[in-house]
1. Would you pick out the residues in region 69-82 that are open to solvent by 30 Å² or more (accessible area, probe 1.4 Å) and either of a type outside the set (S, T, N, Q) or out of contact with any strand residue (DSSP E or B) (no Cβ under 9 Å at 6 or more places or on another chain) (or both)?
2. Could you go through region 95-109 and let me know if any residue there is assigned to a strand (DSSP E or B), open to solvent by less than 50 Å² (accessible area, probe 1.4 Å), closer than 14 Å to Ile23 by Cβ and modelled with pLDDT of 85 or more.
3. Could you tell me which of the residues Phe43, Phe33 is of a type in the set (Phe, Trp, Tyr), in a strand (DSSP E or B), under 19 Å from Asn108 (Cβ atoms) and at pLDDT 85 or above?
4. I need the full set of residues from region 52-90 which are of a type in the set (Asp, Glu) and in a strand (DSSP E or B), in order please.
5. Any idea how many residues of region 16-67 are open to solvent by less than 50 Å² (accessible area, probe 1.4 Å) and either more than 20 Å from Leu102 (Cβ to Cβ) or of a type in the set (D, E, K, R) (or both)?
6. Scan region 47-61 residue by residue and report those that are under 19 Å from Glu20 (Cα atoms) and in contact with a Phe, Trp or Tyr (Cβ under 7 Å, 6 or more places away or on another chain).
Amino acid sequence: MLCESTGEFSSFIPSSPVNECNIISISSFTRGFIVGGEDGRFFIFEKTEDLDCPFKRMTETTYKDPNNKSDITITSIAITNSEDVVYFTLENNQLMKMSIALDGTDENPKYEQLI
């Protein structure tokens with residue numbers, strides 16, 4: 001689902017993660033937006049010129065906590081001005097850093113625990 005800043009329904013994004021996971025957090029960047037949700041999953045969307053499909057899914061990545069056997073939820077996301085680092089928090093209040101190319105060219109992002 002795509003909503004205007006007023007909260008009005010605008011359209012549906014066909015490549016949305018419908019029935020894949022619940023989206024918990026979202027943050028925009030110059031070419032689109034990134035969402036985070038259950039199971040440590042991130043979805044990166046980029047703006048298109050197609051009026052029927054204004055955004056398309058560029059890539060998807062999953063954070064797996066090496067110390068935790070169960071799936072973890074991404075609760076918030078912040079992107080640096082240079083758009084090469086994404087900071088995010090987990091449901092257990094850990095602060096994490098992900099180094100990634102938001103244009104979809106980086107298939108193996110690097111994760112680092114900060115706090």
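The values are calculated or read from the model by the stated rules, or taken from the named source; none is laboratory data. Everything numeric here is computed off the predicted structure, so don't read it as measured data. Ideal geometry is used to build each Cβ from the backbone, glycine not excepted, and the neighbour counts take in all protein chains shown. Just so you know, the surface numbers come from the protein's heavy atoms only, side chains and all, with ligands and any DNA or RNA stripped out. Shrake-Rupley method; radii C 1.70, N 1.55, O 1.52, S 1.80 Å.
1. At the first step, the residues of region 69-82 found to be open to solvent by 30 Å² or more (accessible area, probe 1.4 Å) are 69-71, 75-76, 78-82.
Matches in region 69-82: Lys69, Ser70, Asp71, Ala78, Ile79, Asn81, Ser82.
2. Checked region 95-109: no residue is assigned to a strand (DSSP E or B), open to solvent by less than 50 Å² (accessible area, probe 1.4 Å), closer than 14 Å to Ile23 by Cβ and modelled with pLDDT of 85 or more.
3. Values: Phe33 fails: under 19 Å from Asn108 (Cβ atoms).
Result of the check over Phe43, Phe33: Phe43.
4. To start, the set of residues in region 52-90 that are of a type in the set (Asp, Glu) comprises 52, 60, 65, 71, 83-84.
Within region 52-90, just Glu60 meets the criteria.
5. Residues that pass the stated criteria total 3.
6. Step one: list which residues in region 47-61 are under 19 Å from Glu20 (Cα atoms), which gives 55-61.
Phe55, Lys56, Arg57, Met58, Glu60, Thr61 - these are the residues of region 47-61 that are under 19 Å from Glu20 (Cα atoms) and in contact with a Phe, Trp or Tyr (Cβ under 7 Å, 6 or more places away or on another chain).
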